[in-house]
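**Q** Sharing a structure, written as structure tokens. Questions coming.
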Amino acid sequence: MPYTGDVTQGGPPDVRALDALTVTKVSVGPMDNNAYLLRCNATGSLLLIDAANEAPHLLSLIGDDGLSTVVTTHRHMDHWVALEAVVAETGARSIAHAADAGELPVTSETVHDGDIITVGDCPLEVIHLVGHTPGSIALLYNDPTGIHHLFTGDSLFPGGVGNTRGDKENFASLIGDVERKLFDRLPDDTWFYPGHGKDSTLGAERPNLPEWRSRGW
């Protein structure tokens, strides 16, 4: 079956096989969080984006191959409930942006805008997007034989940017970063994978940017 990105809590994962990287998307509860397991096809190395919840389920998904890295996209608790258990079981390094790392139960490394995190032979660029939290990040994989793949956490969803809880300064920062660092830089066919719900492309969302900015959320 072709990858759609449509997953439900308690349902099966959806798997996208790229030439060098395999992306497995799963939803965990109780807040319908997305977790993404990335596998380098050449080396078998595994990286998990957001150990959100349901540690046994995530560990079953990881299997016996071992996990090298967990990246937490931001400090909100629904994105790291299973982090401590997953790290304890696998010995994986735990990575987050420096501005959010202090709020996590375990962090072994911090990153900043423009840093590269590798999963086997595949590089993931860290993009710092300030507003949903001070240390929110997206991860960008530029497929050498295909399109860009962008893991946005809670900073960008189909239909708008992440929740800034009515804070005008945080909204201005987030919409500015999302426009400048994502939409102004990356092409329309860039596929993005958010922290909750369905995926989308930058091209599908781009026409709505003026509306998002004018409504203020």
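We did not get these values from a lab; they are worked out from the coordinates using the rules stated. Note that the structure is a prediction, hence the values are computed from the model and not measured. In this analysis, Cβ positions are derived from the backbone assuming ideal geometry, glycine residues included, and neighbour counts consider all displayed protein chains.
**Q** Within segment 53-79, which residues are more than 19 Å from residue 3 (Cβ to Cβ) and touching a residue at least 40 places away in the same chain (Cβ under 8 Å)?
**A** 68, 69, 71, 73, 74, 75, 76, 78, 79
**Q** Residue 143 fails exactly one of the following numbered conditions: (1) on the phi < 0 side of the Ramachandran plot; (2) crowded, with 20+ Cβ neighbours inside 10 Å. What is the number of that condition?
**A** Here residue 143 meets the rest and fails (2).
**Q** Something else now. Hey, among the residues in segment 69-121 that are touching a Cys at 6+ places or on another chain (Cβ under 9 Å) and surrounded by 14 or more Cβ atoms within 10 Å (Cβ to Cβ), which one's farthest from residue 49 (Cα to Cα)?
**A** Step one: filter segment 69-121 for residues touching a Cys at 6+ places or on another chain (Cβ under 9 Å), giving 118-121.
Remaining after also requiring surrounded by 14 or more Cβ atoms within 10 Å (Cβ to Cβ): 118-120.
Details: 118: 12, 119: 11, 120: 15 Å.
Here the answer is 120.
**Q** Okay, moving on. Can you find a residue in segment 166-178 that is in contact (Cβ under 8 Å) with a residue 24 or more places away in the chain, in contact with a His (Cβ under 8 Å, 6 or more places away or on another chain) and aromatic (Phe, Trp, Tyr)?
**A** no
**Q** For the list (1) under 16 Å from the mean Cα position of the chain (by Cα); (2) buried (at least 20 other Cβ atoms within 10 Å of the Cβ), I need the number of the one condition that residue 31 fails.
**A** (2)
**Q** Which of the following residues is small (Gly, Ala, Ser) and without any contact (Cβ under 8 Å) to a residue 60 or more places away in the chain: 131, 135, 120?
**A** Details: 135 fails: without any contact (Cβ under 8 Å) to a residue 60 or more places away in the chain; 120 fails: without any contact (Cβ under 8 Å) to a residue 60 or more places away in the chain.
Residue meeting the stated conditions: 131.
**Q** Considering only segment 147-161, I want to know if a residue exists there that is over 18 Å from the mean Cα position of the chain (by Cα) and not β-branched (Val, Ile, Thr).
**A** To start, the set of residues in segment 147-161 that are over 18 Å from the mean Cα position of the chain (by Cα) comprises none.
No, because not a single residue in segment 147-161 is over 18 Å from the mean Cα position of the chain (by Cα) and not β-branched (Val, Ile, Thr).
**Q** Can you tell me which condition residue 211 does not meet? The list is (1) under 17 Å from the mean Cα position of the chain (by Cα); (2) farther than 25 Å from residue 7 by Cα; (3) among the charged types (D, E, K, R), and all the others hold.
**A** Only one criterion in (1) under 17 Å from the mean Cα position of the chain (by Cα); (2) farther than 25 Å from residue 7 by Cα; (3) among the charged types (D, E, K, R) is unmet by residue 211, namely (1).
**Q** Related question: Just to be sure, is residue 126 assigned to a loop (DSSP other than H, G, I, E, B) and of a type in the set (Val, Ile, Thr)?
**A** So residue 126 fails the test.
**Q** Within segment 131-151, work out how many residues are of a type in the set (A, V, I, L, M) and under 14 Å from residue 97 (Cα atoms).
**A** 3
**Q** So which pairs qualify, if the first residue must be in segment 10-36 and closer than 17 Å to residue 122 by Cβ, the second must be of a type in the set (Val, Ile, Thr) and loosely packed, with under 15 Cβ neighbours inside 10 Å, the Cβ gap must be under 6 Å, and the two must be at least 6 apart or on different chains?
**A** Note: pairs meeting the criteria are 19/145; 24/15.
**Q** Okay, moving on. Test residue 41 against the criterion of being surrounded by fewer than 22 Cβ atoms within 10 Å (Cβ to Cβ) and in contact (Cβ under 8 Å) with a residue 12 or more places away in the chain, and give yes or no. Full working, then the answer.
**A** Details: surrounded by fewer than 22 Cβ atoms within 10 Å (Cβ to Cβ): yes; in contact (Cβ under 8 Å) with a residue 12 or more places away in the chain: yes.
When the stated conditions are applied, residue 41 passes them.
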